[in-house]
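Derivation of every value follows stated rules applied to the coordinates shown; laboratory data play no part. This is a predicted model, so every value here is computed, not measured. Cβ sites come from the backbone with ideal geometry, for glycine too, and all protein chains shown count toward neighbours.
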Amino acid sequence: MFMGSTRGSLQNITDWFCMLGKALAGGIAIAQILGTNTSATAADTVVVRFGLFAESISVADLQTAADTGKFPRDLQSFTNSLSEQDRRLILGALRTKLPLNVVTISRLLNTQIGTTILQDLATALVRKDQAGAQALRAGFVLGSTAPQGLSILSFLKAYPSNRLEINLRQAFTVASNLNSGFWLTQQFMLAIAPQFNATTSQLSFPFDPSLSGDAQFQVLGLQLNDQKRKRKIPVDVYWSNAATAEKPVIVFSHGFASTRTDMRYLAEHLASHGYIVVALEHPGSNATHTDLAIKNNTRLVEPQEFLDRPKDISFVLDELEKLNQKANHPLQGKVATNNAMVIGYSFGGGTALAIAGAELQLENLKQRCKKNVTGFSFGETLQCVAQELPANRYQLGDKRIKRAIALSPTTSLMFGKNGLSKLQVPTLIWAASADKTVPALPEQIVGFTQIPSPKWLVGILGATHLSVKDPSTTMDQQGKPNTVLFGGEVVGEQAVDIRKYLKAIALSHAAQLTLDADKYADFLTPDYAQFASTQAFPIRLVTKIPPQAMFVVKEFMRQ
């Protein structure tokens, strides 16, 4: 699994140390019980601590083992207690080098997610001071300057101390919170755009599309009733007197177990620029439905919901057209239902792609979801509900949809091998590098390669699944533990810069359906993405995945 691997930077280091320590753990106990002294006398040492037991190993001996493929005599009393498989594992780890240069490592560690990772890794170090994260940073950066790249040995030789002491139990805990898909996503994000440069940072733009417009908007609440499908659909319409049929109507689809206020700040922003925004709730997968299902111990979501969600949007557009023609109604003559844009988030992102023309293709989903799904992400598990639908293919597109934005959408299973190739409208895909719920590489990036142009892929390093949500809907995240499946969300004030960029590109995307298209086109470019980036959240935007990044995608798909 690890030998010869080049998957993701710091994850390999964590894996190597944990793997090395795990293999050493059995021998440590034996050595201590028998009173065997296996400590090295060299000045540079690695100390592996496991409970009451500790073992000290010289870096020089590890270098000899890597060079010769044999463990030095000083280590033989210890290594003899290991299995042949463990010995090969250690040698393989010592010999593996990562072709990641100092620029790449430094850039990753200077992001917010990189800083968080260093802090997590530092908890596995035994130090008297509080400089563990700084010491790790120095070891990684300086170690990556070695001629053949970053390795365990180059890291150890660069680590700014004469000994590195590891708490093995804590190292295992840290490692369990990381996974290869996560790290490949970070590697992909760094590969899809060139390094920041002074020229880019000095760019200027004529105005700031993230700032509110001049229109004084208001919110009209509607309770729509689709009698044919027996679905009551709550709707909030954000509108102003500045709105006209010259601008597209924008429809928002929320995530699973959520509400129509998911993107309230974004709806308000677009409304302030004279757009009509329609935020609806899907009654079979909103918070009200799932809360009731939990209370009554019934099913959280039915397979039919995959079909009903796009149909909800079509129904709402039908009802808006009636209001558009209704005399003396405040929306009369303002709603361009035949020139609509859809924005969807998470499960709603999949809904947005379906209503924009992507075809549900369930053959492979039905096969894969029959297998053990314990290793699936939440996004994959949710998509597996669709395996109970009777047909294998569904086309739910609505030709009134002219553009789409899918924020962290679910795509990996529900659209099959080429369902996304059926999209007929310009589409923007948003991917957050630290998303655990709907991981970027399988859910957004692989699918992006199928989508026909014109298309855009936005990647935010350090953003999480909930970063784009309205702060009022993420207050429950405070104090949640950071685990493999959830927690660690960057929300609220922490995510201000992320939401600011989303406001800018959502407005610019919508403007492409107006006479102001050229005025806003520059904001849908890699240059503006870099201009809007911060040290904590570097932003990438591409319209085509470059070769160096496609290599990462292909590596992931081969797993």
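Kindly flag which residue pairs out of Lys295/Lys366; Lys311/Lys402; Lys371/Lys480; Lys322/Lys422 have an alpha-carbon separation exceeding 24 Å in this structure.
Distance filter (> 24 Å) returns Lys295/Lys366; Lys371/Lys480; Lys322/Lys422.
What pairs from Lys157/Lys469; Lys436/Lys519; Lys436/Lys500; Lys500/Lys544 go past 32 Å between their alpha carbons?
Details: Lys157/Lys469 44 Å; Lys436/Lys519 36 Å; Lys436/Lys500 22 Å; Lys500/Lys544 24 Å.
From Lys157/Lys469; Lys436/Lys519; Lys436/Lys500; Lys500/Lys544, over 32 Å: Lys157/Lys469; Lys436/Lys519.
What's the ranking of 443-449, 426-432, 227-233, 301-307 by average number of surrounding C-beta atoms within 10 Å, highest first?
Details: 443-449: 23.1, 426-432: 26.3, 227-233: 12.6, 301-307: 19.0.
In descending order of packing, they fall as 426-432, 443-449, 301-307, 227-233.
Hey, fewest Cβ within 10 Å first, where do Val552, Val438 land in order? Could the numbers behind the result be given before it?
Values: Val552 24, Val438 30.
Going from sparsest to densest Cβ surroundings: Val552, Val438.
Using a/c under 1.5 as the rounded threshold, could you call segment 251-317 rounded, prolate or oblate? The axes a ≥ b ≥ c are square roots of the C-alpha gyration tensor eigenvalues, and prolate needs a/b larger than b/c, oblate otherwise.
Taking the square roots of the gyration eigenvalues as a ≥ b ≥ c, segment 251-317 is oblate.
Take peptides 247-253, 64-70 and line them up by average Cβ neighbours within 10 Å, highest first, as a rough protection proxy.
Working: 247-253: 27.9, 64-70: 14.7.
The packing order, highest mean first, is 247-253, 64-70.
Work from the charge dipole of segment 218-558 (Cβ charges, +1 for Lys and Arg, -1 for Asp and Glu, about the Cα centre) and give the residue of Ile498, Ile343, Gly416 farthest towards its positive end.
Projecting each Cα onto the dipole axis, the largest value belongs to Gly416.
Give me the distance in nm between label points sitting 7 Å out from Cα along the Cα-to-Cβ direction at Ser204 and Ser106, one decimal.
So the label points at Ser204 and Ser106 sit 2.9 nm apart.
Note the full-extension length gain between Asn338 and Lys295 as 0.36 nm times their separation in residues minus their Cα-Cα distance, in nm to one decimal.
Values: separation 43, 0.36 × 43 = 15.48 nm, distance 4.05 nm.
Roughly 11.4 nm would be gained on extension.
Starting from the Cα of Lys334, draw a straight line to each of the aspartates and glutamates and keep only those under 13 Å, dropping any in the same chain fewer than 8 residues away.
Correct list for Lys334: Glu246, Glu321.
What is the dipole size for segment 320-404, taken about its Cα centre, with +1 at each Lys and Arg Cβ and -1 at each Asp and Glu Cβ, in debye to the nearest 20?
Roughly 220 debye for segment 320-404.
Let a ≥ b ≥ c be the square roots of the eigenvalues of the Cα gyration tensor of segment 414-552; is it rounded (a/c under 1.5), or, if not, prolate (a/b larger than b/c) or oblate?
Oblate is the answer for segment 414-552, as a/c is 1.5 or above yet b/c matches or exceeds a/b.
Write out the GluC sites (Glu not before Pro) in segment 310-406 meeting two conditions: DSSP loop, and at most 16 other Cβ atoms within 10 Å of their Cβ.
Sites meeting the loop and neighbour criteria: none at all.
Which of His465, Gly397, Thr534 sits farthest toward the positive end of the charge dipole of segment 218-558, with +1 on the Cβ of Lys and Arg and -1 on the Cβ of Asp and Glu?
Gly397
Using per-residue counts of other Cβ atoms within 10 Å, averaged over each peptide, order 209-221, 139-151 from highest down.
My ranking of the peptides, most packed first, is 139-151, 209-221.
At 0.36 nm per residue, and after removing the present C-alpha to C-alpha distance, how many nm does the segment from Ala131 to Ala521 gain when stretched out fully?
135.8 nm
Quick one: compute a quarter of the convex hull surface over the Cα atoms of segment 218-558 and quote it in nm².
Numbers: hull surface 68.7 nm².
For segment 218-558, averaging the hull's shadow over all directions gives 17.2 nm².
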